[in-house]
Each structure stands twice: as structure tokens, then as C-alpha cells.
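The values are calculated or read from the model by the stated rules, or taken from the named source; none is laboratory data. If you're wondering where the values come from, they're calculated on a predicted model, not measured in any experiment. All Cβ positions, glycine included, derive from the backbone under ideal geometry; neighbour counts span all protein chains shown.
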């Protein structure tokens, strides 16, 4: 397994970014905290601050895509199947919501005033969906409600005509909820998913991409956090031909926390892309980003980009982002690009790590030193690597289903 | 009755593809079942290299000499074969393994070492009892291996494994480092239990004499610059306590 990739960055001064191999990088992880400087990372200087990126609800405000744009340079544009060019008039995947008592589920028109309360598109494909959706699903968790069980949102694709979809989830102050978005079937769809996380409320979102092999999915997922709010996002992509998820967190008041987890398993010919953005623009908020991926087969392509912006007002920020890619056999390609932009020195902590490679030899050593044969040690470590994200779901039945799905994936490469 | 014999062992650390550096320069040591040997030496003398080499860490290369377990040379064996043959290394820096739970790990290790899966009911009871003896919070069984454990918690878990896997020989690599007195007592009691219950031979590697108040050695060896330079009974430890290693340094 010689194919280790860690490309797409141009700032070798940041430790961890140029390191090939999980082991080396994990040794570096401890000291790769980014010190504040007057300069942004090279890339930010080239492209301007992430804070200055264009935002608009209208598709015509974005130029047609060429594939050379910073945020599309890893994406096979042709495989977007019209999501970037066509009017998205196809039938959107069918949404069915099962929610505990007390939760309000509505289907509303474009003019509903709540739409846009948590997000605004930052790219042409998301804006295209925003310009074209006809109705939106709005799920509201009332103030102080602590739900028994989770809200299940089944999203089933039924046809391959390019379509637009809009979903909004709002947790009112002091409420607590878990939402599972489960994407299955076949579709070509661009989505905007808004999460409005009210003051002192807690929202966990698990978004599962378990599409059929032909699906094309672009999903812009925006979280807007109120004061002392807690948001946890677990983004798991297993199926689909081309899947591009762009989750973001924006803080509006101090004391809020976001945890963003991701797991992707990329097979031959699959393109799975995750672009994260955390905008620290107010003081004393915390963010953690942990994405892990396993890749196997020819043409398997994973992209992870993690942008974290710490604005000059964001004193006391505490942030760390991590991406690990495990290459299971020859053939795949992983691009991994962490970007930190820091405009204040008065922070609690900021760091990142990115590694792509094979299994950590230290893990295998420890297990073998306890008598576990090499092959079984490897099996345990591979499953542990994936399980670390699955464990964040905290819904037993769903964790089991996903571990089964991962077993099926692993059996393809005899792992 | 089992014997672990180290004969004229020379070992180098592998620095990179081309370079190695000699660390062990002719180590001789014989440990029988039931014996406790303290191997004491200054930092950098190669004590941990000796421990890791016995367990088979790939970073170390045996240049010459033998490590015989009941007459069989283990340097030809893989890491896991050595563990199944009855060698156990309690590590100085136990590794954290994301996503692998303690319960899954302990059961896999026991199954591998014993050659068959342990009977569920007695196993659960054994694990619970061993954890209780070491004052380990029962909730730790659901946590990932060593993940987020404090230094003291990691050491307790090494000894937990020592008690559950019942090796013929336990090699303790600076198990006392970083432990406060209470934790040191708990850990030492665990080692003594395993020693008594299984007639385990012990190689206790340490820099300080502190742990020898709780684990009583039959033999003390002074280890300097890659080999044993003096051996004696427990009284040798007392002399080291008073005089330190100065008199050995420079004497090669």
C-alpha cells in the first residue's frame, strides 16, 4: 500500500500537513498548534479570507463553474449531472418524518419567513437549489422540550432528474433533540439544510448518505448557534456516486459549542467530498472537527477541506480539527486540506492535524504484544478506526446497522 | 517450572533504513518461575530496550545472542507468538487505540492467549473482580483501550491484563514511573497477586528503589550502558538507594 496522498495544500510550514503516514503524523499532533501570526495561511492570501467569500440566495449571482474555483478544484464537475447548470425541476427525494410527541413538522412554501434564518448559500450549486425549491420541510422542537427518542427523517430518492430540496430544523431555547437524516435511493439533488440552534438548546444531527450507486448529492448544511447552544453533527457517507457535503457552523453569541464528526467509506469510482467551515466570530466558543475516512479500489476519491476562521472579535476561542484517511489498498486518492485563519492572539487554543496512510504500527504492536495475531489485530484496529466516529451516534440500533454496513464495505477488500 | 534465559544479547535500535545504533552490549540474565528480579539502572542505560526486545518490538534488531523461553529461542517468533508463549510486557507508555473497547480487547487477548474463548459467565466475573482489586472504575470496561486514561489509570490497566492473561513471565518496564504512593501500592499488590497465583517470574525494570518497598525482589541487577555490571540480593538495592549510580557510571 504505497499510495499515500496528502495533497492540495501549499503551506508546508504547518506541521502535520506534509506528513505522510498516520504514525509520523500522530507524533506531530501534539505540537502542531498554530501560533498566531499577522499573516494568514498562504492559501488564504491567494484566495482572500474565507470570511469574504460570496454569499447569495440567487444562482445568477455566482459565475458558471469551471472547476478551477478554490472550492470546486477537487470536484469532478461533469459528474454533478446538471446540479450546477440546470434549473432543478426534478422531483425532490420524498421526505417522511417520524417525530416524538411535541415536535412540529410542516411543509411550507418558499415565502415562509423562517427560511434563510440559519444559512445562506456560498456556492453556485447550493444557490441553484435555493433558487429552485418549491416547498420546504420545517421541523420545530418547542422550547424546553427534551425529546424521548430521535426525529427520523427518511429522504428517499425516486428519480434521476436534477432536483432541489430544502429542510429547516429549529430547536427553541433550552430544548434538546436528536435528528437523523437518512438519504437512500437514487437521486440527483442539491440540498440546503438549515439548523437553527436556539439559545441554550442542544441539537445532534446525524446525516447518513446511504444512496444507491448512481446518486449525485450536494448538501449544504448550515448550523446557526445561539448563546450557550450545543450542536453536534455526525456526517456519514457510504453510498452514492458523487457526494459533496458542506457543513458549516456559525456562532451568533458566546458560550456555544460545536462538534462536527464525519466518516466516509469510499469505494472504486466513488467521489466523496466534505468541506467544513467553522466561523468563530464571537468570543468564547468552542469547536471540534473530527473526520475519518477509509478508501479502497481504483478511482476512489475522498476530499476533506476544513476551514476554520477565528475573527478578531473571537477572543477565548478553542478549536481543533482533525482528518485521518486510511488507505486500505492501492488505487485510491485522498485530498486533505486544513485551513486555519486567525485574526486574534487572545485564544484558548487552535490546532489541526491531517494524516493519510496505513494503519498505525503502534496500535498493531500493542495488540500483538497481548497475543492477538497480526491479522486479527489489523481487523480490530481498522474497525476501531471507523468505530470511533460511529460511537458518537449514541443510538444503539443505528450504530449496529452502520457497523454491519461497514463490515460489508470491508469485505470487498478482504479487510 | 519455566525459565527465561537471556544469553550474551546484543541489540541495536533501527534508526532508519540504513542506520542502526547498538544499545545492548552482551546481556546475560536467567529468571526462573516464581523469582523476582529487579533490573535497575540510570536513564538511557538500555533497560527499556531490553524489555521491548524480549517482547519483539520491530524497532529493535537482535545482532547476536539468544532469548530462551524454556530452551526455545523466542527471537525467531512474532510479537504475538511470544505473548502466547507466556511473555508479557507491561509497557511504560501504553498505547491508546481509538474505537476498540476495553471489553472487546480483553476478550480478544484472552482468547488468543488461552487458545479458546473464555466462558462468558466466569470471564465477566474474573474481569469484574480483577478491576475491583485494582480500584478500576467498572465504567472503564466500555471505554476505548487506554483512551483518555491518566498515566496511573494506564498502569493499572497494564496490571489488569497481567492478572487476566496469566503469563509465565511478566516484564514490568518502569511501571512505577508517574505513580503516586496510593497507585503504586495498588499496582504493586496486583503484581504480587499475579506472582503468587501463577508462580510468575518477574523482571522489574526501574530507575528508583521506591517500588521495591512493595514488591520484594529476590535478586537485584545493576544495568549500565547496555549490560549488567553487578548483581546481588535485596541489599544491593539499599546501597543504590544511598549511593545512586555514580560509582557505576564510567565503569564499563
Report task. May I ask you to verify whether residue B:52 is buried (at least 21 other Cβ atoms within 10 Å of the Cβ), within 14 Å of chain A (Cβ to nearest Cβ), at pLDDT 95 or above and under 26 Å from residue A:378 (Cβ atoms)? Result -> yes
Query raised in the report: If a residue has to be surrounded by 17 or more Cβ atoms within 10 Å (Cβ to Cβ) and part of a helix (DSSP H, G or I) to count, how many in region B:124-134 make the cut?
Result: 3
Query raised in the report: Restricting attention to region A:116-157, and to residues there that are out of contact with any strand residue (DSSP E or B) (no Cβ under 6 Å at 6 or more places or on another chain) and farther than 19 Å from residue A:65 by Cα, which single residue is surrounded by the fewest Cβ atoms within 10 Å (Cβ to Cβ)?
Result: A:148
Query raised in the report: Within region B:68-83, is there a residue that is within 12 Å of chain A (Cβ to nearest Cβ), buried (at least 17 other Cβ atoms within 10 Å of the Cβ) and in a strand (DSSP E or B)?
Result: no
Query - Scope region B:84-96; condition over 19 Å from residue B:115 (Cα atoms) and more than 9 Å from chain A (Cβ to nearest Cβ); matching residues - result: B:90, B:92, B:93
Query raised in the report: When you scan region A:366-375, how many residues do you find that are within 7 Å of chain B (Cβ to nearest Cβ) and surrounded by fewer than 20 Cβ atoms within 10 Å (Cβ to Cβ)?
Result: 2
Query raised in the report: Quick check: anything in region A:339-362 in contact with a helix residue (DSSP H, G or I) (Cβ under 9 Å, 6 or more places away or on another chain), under 30 Å from residue B:104 (Cα atoms) and at the interface with chain B (Cβ under 8 Å from one of its Cβ atoms)?
Result: yes
Query raised in the report: Can we say residue B:62 is part of a strand (DSSP E or B), surrounded by fewer than 21 Cβ atoms within 10 Å (Cβ to Cβ) and touching a helix residue (DSSP H, G or I) at 6+ places or on another chain (Cβ under 6 Å)?
Result: yes
Query raised in the report: Got at least one residue in region A:99-113 being within 15 Å of residue A:222 (Cβ to Cβ) and in contact (Cβ under 8 Å) with a residue 40 or more places away in the chain?
Result: no
Query raised in the report: For region B:27-54, how many residues meet the condition of being assigned to a loop (DSSP other than H, G, I, E, B) and touching a residue at least 40 places away in the same chain (Cβ under 8 Å)?
Result: 8
Query raised in the report: Among the residues of region A:395-415 satisfying the criterion of being under 13 Å from residue A:180 (Cβ atoms) and touching a strand residue (DSSP E or B) at 6+ places or on another chain (Cβ under 8 Å), which is surrounded by the most Cβ atoms within 10 Å (Cβ to Cβ)?
Result: A:402
Report task. Enumerate the pairs (first residue in region A:379-392 and within 11 Å of residue A:326 (Cβ to Cβ) and within 8 Å of another protein chain (Cβ to nearest Cβ); second residue anywhere and part of a helix (DSSP H, G or I) and at pLDDT 95 or above) with beta-carbon separation below 6 Å, excluding pairs fewer than 6 apart on the same chain, so at least 6 apart or on different chains. Result -> A:381/A:363; A:386/A:406
Requested in this report: Read through the list (1) under 29 Å from residue A:249 (Cβ atoms); (2) within 14 Å of chain B (Cβ to nearest Cβ); (3) modelled with pLDDT under 95, then give the number of the only condition that residue A:402 fails.
Outcome: (3)
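Let's see how each residue does on (1) surrounded by fewer than 18 Cβ atoms within 10 Å (Cβ to Cβ); (2) away from every other protein chain (no Cβ under 14 Å); (3) touching a strand residue (DSSP E or B) at 6+ places or on another chain (Cβ under 9 Å); (4) not in a helix (DSSP H, G or I):
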| residue | (1), (2), (3), (4) |
| --- | --- |
| B:98 | no, no, yes, yes |
| B:103 | yes, no, no, no |
| B:118 | yes, no, no, yes |
| B:136 | no, yes, no, yes |
| B:156 | no, yes, no, no |
| B:160 | no, no, no, no |
